[in-house]
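Each remark here refers to the structure printed beneath this line.
The values are calculated or read from the model by the stated rules, or taken from the named source; none is laboratory data. Because the structure is a prediction, the values reported are computed rather than measured. Every residue, glycine among them, receives a Cβ derived from its backbone with ideal geometry; neighbour counts consider all protein chains shown. For accessibility, only protein heavy atoms count, side chains too; no ligands or nucleic acids. Shrake-Rupley method; radii C 1.70, N 1.55, O 1.52, S 1.80 Å.
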Amino acid sequence: MAQLFGIARFYFVNWPASSKDANDHLRSDGAQAVRELVLYGPLPWPTSGLYRMSELSDPPPMTIWPPGFNSWGHRCKLAAGTLWVMTDSRCGPLDQ
């Protein structure tokens, strides 16, 4: 279910060593103990590869190149890992 709906929606409960599951805990410690453990003891589903933004290092500075046309140098720069799509505004519709 966690894979189907996403792990961010799921939590798990560590039952005490004397209980193997919720029913066992209910029988041994009562409904209030189960309620408190479910309300105040759930732990996030364990995941790997997730980090807080504060844990990530800053990216290296981008290397920027001029486009190679003197008249464009002040209008745009090129960089690795970016996509540029340039069109000519003088072009008309494709069927002409």
In the range 78-95, which residues are open to solvent by 100 Å² or more (accessible area, probe 1.4 Å) and at pLDDT 70 or above? Leu83, Trp84, Val85, Met86, Thr87
Does the range 15-45 hold any residues that are touching a residue at least 24 places away in the same chain (Cβ under 8 Å) and either open to solvent by 100 Å² or more (accessible area, probe 1.4 Å) or under 19 Å from the mean Cα position of the chain (by Cα) (or both), and which are they? Leu43, Pro44, Trp45
Would you call Phe12 surrounded by 12 or more Cβ atoms within 10 Å (Cβ to Cβ) and within 31 Å of the chain's Cα centre (by Cα)? yes
Filter the range 46-63 down to the residues that are closer than 27 Å to Gln3 by Cβ, open to solvent by 100 Å² or more (accessible area, probe 1.4 Å) and of a type outside the set (Asp, Glu) and list them by number. Ser48, Leu50, Tyr51, Arg52, Met53
Please count how many residues of the range 57-72 are farther than 15 Å from Thr82 by Cα and either modelled with pLDDT of 85 or more or assigned to a helix (DSSP H, G or I) (or both). 5
So which residues in the range 3-21 are aromatic (Phe, Trp, Tyr) and part of a helix (DSSP H, G or I), if there are any at all? Phe5
Inside the range 28-74, can you point out the residues that are within 30 Å of Val13 (Cβ to Cβ) and among the hydroxyl-bearing types (Ser, Thr, Tyr)? Ser28, Tyr40, Thr47, Ser48, Tyr51, Ser54
Provide a single number: the residues in the range 22-56 that are in a loop (DSSP other than H, G, I, E, B) and modelled with pLDDT of 90 or more. 1
